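Taking it in order: structure first as structure tokens, then the write-up.
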Amino acid sequence: MKHDTTPLLSAVPGTARTLDSFRFGPADAEKRVYIQGALHADELPGMLVAWTLKQRLNAFDEAGLLRAEVIVVPVANPIGLDQQLMDVPLGRYDFESLANFNRHFADVSDAIAEGLEPLLSDDAAHNQRVIRERFYSALGAITPANAYEHQHLVLQQLACRADYVLDLHCDFEAVPHLYTTPNAWPTFEPLARYIGSMAQPLAADSGGQSFDECFTLVWEQLRTRFGDRYPIPYGTASVTVELRGQGDVDYTLAEQDSDAILNWMRHHALIDEPAPALPDLLFPATELSAMEFLKAPAGGLLVFHVAPGTEVHKGQRIADIIDPISDEVHPVTATQAGMLYARNQRHMATRGMIVADIAGFDAKRSGYLLAP
Ligand SMILES: [Zn+2]
């Protein structure tokens, strides 16, 4: 195991943070995997899984079984991890800019594309190598305006030359689910099976420049620009894995999830061991544009009728919002059939608040498809 420490720009004198990454396996391996936890710093199941994976990967590395280099960043957001307010951890948004830590990753596709054509050839592997190095350099050429941007760039540089990027998150209260692109879905479908994922909404571009998409979109754009003349592969397949809810920081679950990720690696011959048989896929892939955010029609006390992991039908009563003063009870109903896979943990709903997420089949949303 190799431990690298990257100093992060400090926001004020007298403070210092680092981004710590751990490398396992042969540095010259043909494939590279990047795994990070807790980019949303109050989503800690992924940090526990990343820590568990560190121990497991180290053992595989010492036994000579790794066929890929694996980079693990268990603490992907030291800035957000340090944000506590009145005993509540608040790691989703940056206190200074109010920006979501999983949005606004740099888009360097123009910088990569400029002057790229003379370097391309008929060899897809060559083109992939050239583009990866230019991707890394283009990120390095950006001068970050603040600590948030610097942390973003360090994470992007660590991951941009990986074949596979796994970004470990969680929801408020949820069953395991994942988000990826239609193109990467065949790569991660085995992971969905091993991890018991109960929803897999897919989108090529959800509009937020999130961590997973900041890699895949570059390759999409380069394929659009040059793909008719040169073979350009999808250099990175990335996935956002949602490891249940914020409260699910648990040894048994982390062991299960680590096993699932390692089995997925075995399946792709990234670990030199046979992979166990694939379990059933618990719910089909759907379109992210068909995912429904159920919203609170009024403010009030939120009481659920349905738990995450329930297939619901159109019109089914999911929750009630109670005004204990007027005695009004506002039902929240499913607008379409699908899998209810996540729900809010705030039980005093504010008007318009997202109450629950349903992976449905009726693709009617467009534009920005993510939660705030
Ligand atoms: Zn998250």
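Taken together, the values in this text are just the output of simple stated rules run on the coordinates, not laboratory data. A quick note: this is a predicted structure, and the numbers were derived from the prediction, not measured. Glycine also receives a Cβ, built like all others from the backbone with ideal geometry; neighbour counts cover every protein chain displayed.
Placing +1 at every Lys and Arg Cβ and -1 at every Asp and Glu Cβ, with all other atoms neutral, what dipole size does the chain have around its Cα centre, in debye to the nearest 20? Each step should come with its number before you reach the end.
Working: 28 positive and 49 negative charges, 52 e Å.
That gives a dipole near 260 debye.
As I understand it, the dipole of the chain uses +1 on the Cβ of Lys and Arg and -1 on the Cβ of Asp and Glu, about the Cα centre. Which of Thr216, Pro26, Ala59 lies farthest toward its positive end?
The listed residue farthest towards the positive side: Thr216.
Can you sort Lys31, Lys2 by how many other beta carbons sit within 10 Å, fewest first? Could you put the intermediate results ahead of the total?
Numbers: Lys31 17, Lys2 12.
Placing the least packed residue first, the sequence is Lys2, Lys31.
Treating cross-link reach as a plain straight distance, find the aspartates and glutamates whose alpha-carbon is under 20 Å from the alpha-carbon of Lys2, omitting any fewer than eight places away in the same chain.
Asp20, Asp28, Glu30, Asp61, Glu62, Glu69, Asp163
For Lys314, which aspartates and glutamates qualify as cross-link partners when the Cα separation must be under 12 Å and same-chain residues fewer than eight apart are set aside?
Glu292, Asp362
Between Val33, Val108, Val130, which gets the highest mean-square fluctuation from a Gaussian network model of the chain, Cα cutoff 10 Å?
Val130
How big is the gap, in Å, between the Cα center of segment 342-357 and the Cα center of segment 154-199?
Segment 342-357 and segment 154-199 have Cα centres spaced 24 Å from each other.
Grab the beta carbon distance between Ala269 and Leu98, set R0 = 25 Å, and tell me the FRET efficiency rounded to 0.05. Working shown, then result.
On the way: r = 44 Å, r/R0 = 1.75.
Efficiency, from the Cβ-Cβ distance: 0.05.
When every alpha-carbon pair in segment 294-337 is counted, what percent end up more than 18 Å apart?
Details: 250 of 946 pairs.
The answer is 26 percent, as a whole percent.
How large is the charge dipole for segment 288-360, taken about the Cα centre, if only the Cβ atoms of Lys, Arg (+1) and Asp, Glu (-1) carry charge, to the nearest 20 debye?
Working: 6 positive and 7 negative charges, 32 e Å.
Computed charge dipole of segment 288-360: roughly 160 debye.
Tell me the mean residue ellipticity at 222 nm calculated for the chain from its helices only (DSSP H runs of n ≥ 4, each -39500 (n - 2.57), averaged over every residue, nearest 500).
Numbers: 8 runs with 101 residues, N = 372.
Counting only the DSSP helices, I get -8500 deg cm²/dmol.
Quick one: which residues, 5 or more positions from Val175 or on another chain, have an amide H under 5 Å from its amide H? H modelled 1.01 Å from N in the peptide plane, none for Pro or chain starts.
Under 5 Å from the amide H of Val175 lie the amide H atoms of Gly309, each far enough along the sequence or on another chain.
Relative contact order, percent, of the chain when contacts are C-alpha pairs under 8 Å separated by at least 6 residues? Working shown, then result.
On the way: 849 pairs, mean separation 63.2, N = 372.
Relative contact order here is 17 percent.
Need the C-alpha centroid separation for segment 38-94 versus segment 231-287, integer Å.
Rounded to whole Å, the Cα centres lie 16 Å apart.
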